[in-house]
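As C-alpha cells, the structure follows; a few thoughts come after it.
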C-alpha cells in the first residue's frame, strides 16, 4: 500500500510495476516499458531479496533456489537490462542491497550469506568495467533493519532485533540518497551499516 500511496503523491512521474525479478523475460519487458516512458535510467536500486534461516545440514534445496533466484538472479537480470539505459546519463548509478551477511557469515544463514557474498563480488567486477563509462556501481550492506523481511523470522530473531535497536528502512534510504547525491565523478563504493549494538555478525 505504501508504494501506491507514494505513486499517487508523485502523479505522472511515478509508475508501479509488479513482477518476479528472477523472471528474465518479465524484467526485460519492464525495462522496455521504462525506456518507452522515461527514456532511460539514472538509478537502479536492486532491493528485492529473500532470507530463510536454517542450519545448512537440514535446509531445503527448494529454499536455496528461492534465495538464489531472488538475491542473485534478480540482481543480475535487472542490472543487465538497465545498463543500456544508463549509458550517457551523467551520474547514473547501480546500487544493490547486499548485507552484513555478505561480509560476515552467520551460522544459520549460510545460503543467504552465499548469495550476498556473490552480490558483493559481482559489483566489484562490474564497477571495474562500467566505471570506464562513467556508470557508478555501489553496494549497501545493512545489518538488522525493521522491514517486512526482518519481521518474517522466528521469535528468537525478532527478540534479537528488538534488543539490537534495529535500524529503520529510512536509515538505509538515507545512505542510498547520500551515495547517489555525490558528484557524477564520485563513487561511494560500499556502505556497511548496522545498529550500534549489533556486534556480530
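Separation of region 1-55 and region 137-201 by C-alpha centroid, Å? Comparing the Cα centres of region 1-55 and region 137-201, I get a distance of 20 Å. Computing FRET efficiency as 1/(1 + (r/R0)^6) for residue 8 and residue 57, where r is the C-beta to C-beta distance and R0 is 41 Å, gives about 0.30. Using 0.36 nm per residue and subtracting the Cα-Cα separation, the extra length available between residue 133 and residue 87 on full extension is 15.8 nm. Using only the alpha-carbon atoms, how far is helix 110-130 inclined from the longest principal axis of the chain? Give it as 0 to 90 degrees, nearest 10. The helix 110-130 is inclined about 30 degrees to the chain. When the helices of the chain are scored as -39500 (n - 2.57) per DSSP H run of n ≥ 4 and the total is divided over every residue, the value at 222 nm lands at -14000 deg cm²/dmol. Axis of helix 24-38 versus longest Cα principal axis of the chain: the two differ by about 40°, to the nearest ten degrees.
Show log10 I(q)/I(0) for the chain at q = 0.11 Å⁻¹, two decimals, from a solvent-free Debye sum over equal Cα scatterers. Reported log10 I(q)/I(0), two decimals: -0.54. Global dimensions of region 1-67 from alpha-carbon coordinates: Rg and Dmax equal 16.4, 50 Å. Compute the angle between helix 169-180 and the longest alpha-carbon principal axis of the chain, please, reported from 0 to 90 degrees and rounded to the nearest 10. Approximately 40 degrees, to the nearest ten. Length gained on full extension, residue 178 to residue 17, computed as 0.36 nm times the residue gap minus the Cα-Cα distance: 55.4 nm.
Since every read-out is calculated from the coordinates, none of them should be taken as a lab result. Only a predicted model underlies this, so the values are computations on that prediction, with no experimental measurement involved. Note that we place each Cβ from the backbone using ideal geometry, even for glycine, and neighbour counts take in every protein chain shown.
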